[in-house]
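The values are calculated or read from the model by the stated rules, or taken from the named source; none is laboratory data. Treat the numbers as computed from the prediction; the structure is a model and nothing was measured. So basically every Cβ, Gly included, is an ideal-geometry build from the backbone, and we count neighbours across all protein chains shown.
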Amino acid sequence: MNRAARNEIETFMHGLERRNPGEPEFQQAVREVAETLIPFTLDHSEYRNAQILERMTEPDRAIIFRVTWQDDSGQIRANRAWRVQFNNSIGPYKGGMRFHPSVTLSVLKFLGFEQIFKNSLTGLPMGGAKGGSNFNPKGKSDNEIMRFCQSLMTGLHRYIGDDIDVPAGDIGVGAREISYLFGQYKRLENRFNGILTGKGLEFGGSLVRTEATGYGAIYFMENMLNYRGDSVAGKIATVSGSGNVALYAIEKLNHFGATVVTASDSGGFIHDPAGIDAEKLAWLKDLKEHRRGRISEYADHFGCEYHEGERPWRVPCELAVPCATQNELSGEDARTLIGQGVVSVSEGANMPTELDGVNAFRSAGVLFAPAKAANAGGVAVSGLEQSQNALRISWSREEVNERLRTIMGDIHGKCVQYGTEYGATKGSVDYVAGANIGGFIKVADAMLAYGAV
Ligand code: NDP
């Protein structure tokens, strides 16, 4: 990178950090984008003159509200909730809701900002948003979860709508929570419409939505490997997490003939060198989706190793798929993986790799799929759920899966196009640059067309 571009990035980031103090996750997400976008905008003065990146890093609005609810012992509890409506230039706001004690405005701004690019890459008309609460669903009864969701929707319902903002699930928000939220919206508004995605199949949900993010991350990985004349088949894979994204990433890796040897949760990871095959995966799904148990129980049940308080990145593998949370794979982890011969990394989670790790993978020539591209399958099928709701029809499993595969292939195509032209290393595909530039152009062109709004 030349000196002018470097100076421009540092000046831009200095201003952003000054305007957004105490928001490390948001600053990290913007820096990752600025590193590849600013050199691009230096060659495209129309975007610079219209201050597109400055405007894109400022949310349209952030709504903050209190959620008061009563626990099973009769105690009154209060949590904080947010909805960050970041950018609706190419469609209504769209993005998940996260319930986790680590949720802050900074975390939701990083997620909402990334969502703008991700949604644009899908080719569907969706703007970027994110929301959630510092509520901890762990250990809560179904009734407590219901009361919390009903109270949250009472605060949120006036700000959302099928042509305004359509939330979905994320960490801590699965089928159960979406059902409670939708039930309360319907009661308050007396309207049955597609204001949330990830709904149950009985009330407007789409087939393959549950599987979409995990499947999509592996479709993308297969696309990258195929483009290099290789494939997922026969390779050893490590996966982190054991939630929605991880379980279906493992399932698709199995379909494609890989052997998945790890899974984790916030307590630690299991190492099963024989592989988490279909039978063991069915057991794990039941543990996590129905019994809400811990990953250590897998090790007890199947007699393999459990490493408490650790992440799986020192286990040798050719494929690595981080599917738990942000910043779960450090620069040191990346160098360990590279040293052990990792060929491809696909980010199922959002921003799981620290910037140092991203750059290590890029310079080592690892096929690295950033979250914006790799995990876009979830929101893509959410977009398909919205289309089915608007048309009042339901597509078959095969049809939705085929559309998902096509969308992931198209996103790969965009990354190849822009990542070859503008990537740091000539002659190879820089998927980070490709996803950032490919996602940026459509939104930026819409913003240019609108003028100063
Ligand atoms: P889930 O709540 O279903 O699962 C999250 C998994 O990650 C659990 O195994 C959880 O363990 C683990 N985890 C969460 N926080 C931490 C932590 N701080 N340290 C270690 N492990 C942790 O969430 P999802 O699978 O839906 O989401 C996972 C990631 O994928 C997130 O980054 C999310 O933003 C991203 N994503 C999700 C999409 C979706 O469709 N669901 C779409 C696109 C991205 P434990 O149970 O012990 O907390």
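Things to note:
To keep it simple, each residue is scored yes or no on (1) within 30 Å of Val107 (Cβ to Cβ); (2) within 12 Å of the ligand (Cβ to nearest atom).
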{"site": "Phe361", "(1), (2)": "yes, no"}
{"site": "Ala369", "(1), (2)": "yes, no"}
{"site": "Gly377", "(1), (2)": "yes, yes"}
{"site": "Ile393", "(1), (2)": "no, no"}
{"site": "Arg405", "(1), (2)": "no, no"}
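- Check on Ala369, more than 30 Å from Ile195 (Cβ to Cβ), within 15 Å of the chain's Cα centre (by Cα) and either assigned by TED's automatic domain parsing to the domain that holds Arg31 or at pLDDT 95 or above (or both): yes
- Taken over the stretch 228-268, residues that are within 12 Å of the ligand (Cβ to nearest atom), touching a Leu at 6+ places or on another chain (Cβ under 9 Å) and assigned to a loop (DSSP other than H, G, I, E, B) amount to 2.
- In the stretch 270-287, the count of residues that are out of contact with any Pro (no Cβ under 8 Å at 6 or more places or on another chain), in the same structural domain as Ser344 (by TED's automatic domain parsing), exposed (fewer than 14 other Cβ atoms within 10 Å of the Cβ) and of a type in the set (Lys, Arg) is zero.
- Which listed residue is surrounded by 15 or more Cβ atoms within 10 Å (Cβ to Cβ) and over 24 Å from Ala175 (Cβ atoms), from Ala78, Ala62: Ala62
- Reported count of residues in the stretch 206-227, each being away from the ligand (no atom under 13 Å from the Cβ) and either under 30 Å from Arg158 (Cβ atoms) or over 22 Å from the mean Cα position of the chain (by Cα) (or both), is 2.
- Cβ separations smaller than 7 Å between residues 6+ apart or across chains give the following pairs from the stretch 296-318 residues that are more than 24 Å from Gln340 (Cα to Cα) to residues that are among the β-branched types (Val, Ile, Thr) and outside any loop (DSSP other than H, G, I, E, B): Tyr298/Ile270; Ala299/Ile270.
- Each residue in the stretch 390-422 was checked for being at pLDDT 95 or above and either of a type in the set (D, E, K, R) or buried (at least 20 other Cβ atoms within 10 Å of the Cβ) (or both), and 17 pass.
- Test: Asn136 is without any contact (Cβ under 8 Å) to a residue 60 or more places away in the chain and either within 16 Å of Glu385 (Cβ to Cβ) or touching a Pro at 6+ places or on another chain (Cβ under 7 Å) (or both): yes
- The residues in the stretch 289-322 that are farther than 21 Å from Glu347 by Cα, part of a helix (DSSP H, G or I), within 15 Å of the ligand (Cβ to nearest atom) and at pLDDT 95 or above can be counted, and the count is 4.
- Pick from the stretch 366-380, criterion of a type in the set (A, V, I, L, M) and in contact with a Phe, Trp or Tyr (Cβ under 9 Å, 6 or more places away or on another chain), ranking: farthest from Ala349 (Cα to Cα): Leu367
- Residue within the stretch 86-105 that is at pLDDT 95 or above, away from the ligand (no atom under 16 Å from the Cβ), surrounded by 24 or more Cβ atoms within 10 Å (Cβ to Cβ) and part of a strand (DSSP E or B) present: yes
- Meets criteria (touching a Cys at 6+ places or on another chain (Cβ under 6 Å) and more than 24 Å from Tyr248 (Cα to Cα)) for Gly365: no
- Total residues in the stretch 423-436, condition in contact with a Gly (Cβ under 8 Å, 6 or more places away or on another chain) and surrounded by 14 or more Cβ atoms within 10 Å (Cβ to Cβ): 9
- Among the residues of the stretch 139-180, those identified as closer than 22 Å to Arg294 by Cβ, surrounded by fewer than 20 Cβ atoms within 10 Å (Cβ to Cβ), within 16 Å of the ligand (Cβ to nearest atom) and not charged (D, E, K, R) are Gly139, Ile145, Gly174, Ala175.
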